[in-house]
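Chemist: Below is one structure. I have some questions about it.
The values are calculated or read from the model by the stated rules, or taken from the named source; none is laboratory data. None of the values given here were measured: they were computed from a predicted structure. In this analysis, Cβ positions are derived from the backbone assuming ideal geometry, glycine residues included, and neighbour counts consider all displayed protein chains. Please note that ligands, DNA and RNA were not included when accessible areas were found on the heavy atoms of the full protein model with its side chains. Shrake-Rupley method; radii C 1.70, N 1.55, O 1.52, S 1.80 Å.
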Amino acid sequence: MTSDNREDYLISILRLSDGDRTIKTTELAKFMDVSPASVTEMTKTLAEDGLVIYERYKGIKLSEKGVAQARRIRKKHHVVEHLLTDCLGMDHQEAHEEAHKIEHAISDSTSIKICNMMGNPLDDDCAYCSDPCKHYNQGTTSLIQLNKMAKNREGVIAYIKTENADHIKRLNSIGFVPGRQVRIESILMDGGDRVVKVGENLIALSYELASAVYVDVS
């Protein structure tokens, strides 16, 4: 059995149970379009690995370990889906199918980098991230939107946060990506452009675009 197959089972159990409900093996078999015998065989394997709790005649439930792994995989799926729809222009169904393939291969660290770059919306799965970002821990005092930074202040881009796909593409294309050093060189007017140094480049950024860039000034 491949790890991809195991992960498909974990994700399917999570989707059916939302992590805290016991489901029947027949319910899972129907959902995944596989035989009950296949479900029984995989359930035993997952139980041996501590990922599910299986009780005969009652059903299957994710263990704490299983919930954490399943939610991390699901987050990867959403991150990749977001990248494919917002940056590559795929329709949602095509992106969903491609994300299903990629979610098994992409590493946690790469997924987190893409998530920060794309400004993925927070969801319940973020609590299981292996390296929670400052987007998730927004209470930190070292984080500030670029449009609210004073002249001569500098920091490192932590993440992009906007639901406007065109803004994400624009910011990424001109160098506003997580990990890069930024500095406010001048403010043309309140609510107007900011001249920002990104790396060695000076860029005039509108107030609206600057509001989507969150900077760690610690």
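Chemist: Taking springs between alpha-carbon atoms closer than 10 angstrom, which of Met149, Met118, Met32 fluctuates most in the Gaussian network model of the chain?
Modeler: In the Gaussian network model the winner is Met32.
Chemist: Still on this structure, I have one more. Could you name the lysines whose alpha carbon sits less than 23 Å from that of Lys61, not counting residues in the same chain fewer than 8 places away?
Modeler: Partners found: Lys24, Lys30, Lys44, Lys75, Lys76.
Chemist: Now for a separate question. Between Asp33 and Lys151, what length in nm is gained on full extension when 0.36 nm per residue of separation is reduced by their alpha carbon distance? Don't skip to the answer; put the middle values down first.
Modeler: Numbers: separation 118, 0.36 × 118 = 42.48 nm, distance 5.91 nm.
Computed gain between Asp33 and Lys151 is 36.6 nm.
Chemist: Checking the a/c ratio against 1.5 first, then a/b against b/c, what shape does the Cα gyration tensor give for region 81-207?
Modeler: Values: a/c = 2.35, a/b = 1.67, b/c = 1.41.
Prolate shape, in that a/c is at least 1.5 and a/b is the bigger ratio.
Chemist: Hey, another quick one. Using the alpha-carbon atoms, what tilt in degrees (0 to 90, nearest 10) does helix 3-17 show relative to the longest principal axis of the chain?
Modeler: Long axis of 3-17 versus the principal axis of the chain: about 90 degrees.
Chemist: Another question about this same structure. In region 59-186, if the dipole is taken from +1 on Lys/Arg beta carbons and -1 on Asp/Glu beta carbons about the Cα centre, which of Ser173, Tyr159, Gln145 is farthest to the positive end?
Modeler: It is Gln145.
Chemist: Continuing with the same structure: Run the quick spin-label model on His92 and Asp123: label points 7 Å from Cα toward the beta carbon, then report their separation in nm to one decimal.
Modeler: A separation of 1.2 nm, rounded to one decimal place.
Chemist: Can you classify region 6-84 as rounded, prolate or oblate using the Cα gyration tensor, where a ≥ b ≥ c are the square roots of its eigenvalues, rounded means a/c under 1.5, and otherwise it's prolate if a/b beats b/c and oblate if not? It would help to have the intermediate numbers written out before the result.
Modeler: Numbers: a/c = 2.05, a/b = 1.58, b/c = 1.30.
Prolate, since a/c reaches 1.5 and a/b exceeds b/c.
Chemist: Please compute the per residue accessible area over the chain with all protein chains in place, 1.4 Å probe, rounded to a whole number of Å².
Modeler: Numbers: 11510 Å² over 218 residues.
For the chain, the solvent-accessible area averages 53 Å² per residue.
Chemist: May I ask you to give the percent of accessible area on the chain that is carbon plus sulfur, with a probe radius of 1.4 Å? Walk me through the numbers on the way to the answer.
Modeler: Working: 5530 of 11510 Å².
For the chain, the apolar C and S fraction of the accessible surface comes to 48 percent.
Chemist: Of the options Ile114, Ala99, His78, report the single residue whose Cα projects farthest towards the positive end of the charge dipole of region 75-123 (beta-carbon charges: Lys, Arg +1; Asp, Glu -1).
Modeler: Ile114
Chemist: If we count every other residue with Cβ under 13 angstrom of Glu94's Cβ, Lys/Arg +1 and Asp/Glu -1, where does the sum land?
Modeler: Numbers: positive: Lys101; negative: Glu81, Asp91, Glu97, Glu98.
After counting each charged neighbour, the total is -3.
Chemist: Measure off 7 Å from each Cα along the Cα-to-Cβ vector at Asn5 and Glu163, then give the distance between these two points in nanometres to one decimal.
Modeler: Taking the two extended label points, one gets 4.1 nm.
Chemist: (i) 49, 39, 34; (ii) 69, 34, 25; (iii) 60, 33, 32: which one is Cα extents along the principal axes in Å as calculated from this entry?
Modeler: Among (i) 49, 39, 34; (ii) 69, 34, 25; (iii) 60, 33, 32, the one derived from this structure is (ii).
Chemist: For Ser130 and Asp216 in one chain, what is 0.36 nm times their gap in residues minus the Cα-Cα distance, to one decimal in nm? Please list the in-between numbers first.
Modeler: Values: separation 86, 0.36 × 86 = 30.96 nm, distance 1.97 nm.
So the chain would gain 29.0 nm between Ser130 and Asp216.
Chemist: Now, a different point. Straight-line reach only, C-alpha to C-alpha below 18 angstrom: list the aspartates and glutamates that Lys161 could link to, leaving out same-chain residues fewer than 8 apart.
Modeler: Partners within reach: Glu81, Asp86, Asp123, Asp124, Asp125, Asp131, Glu208, Asp216.
Chemist: Across region 147-163, in residue order, what do the Karplus-derived ³J(HN,Hα) couplings come to in whole Hz, using 6.51 cos²θ - 1.76 cosθ + 1.60 with θ = phi - 60° and x for Gly and Pro?
Modeler: So the Karplus estimates, Gly and Pro as x, are 6, 9, 7, 7, 4, 6, 7, 9, x, 10, 4, 8, 6, 9, 9, 6, 8 Hz.
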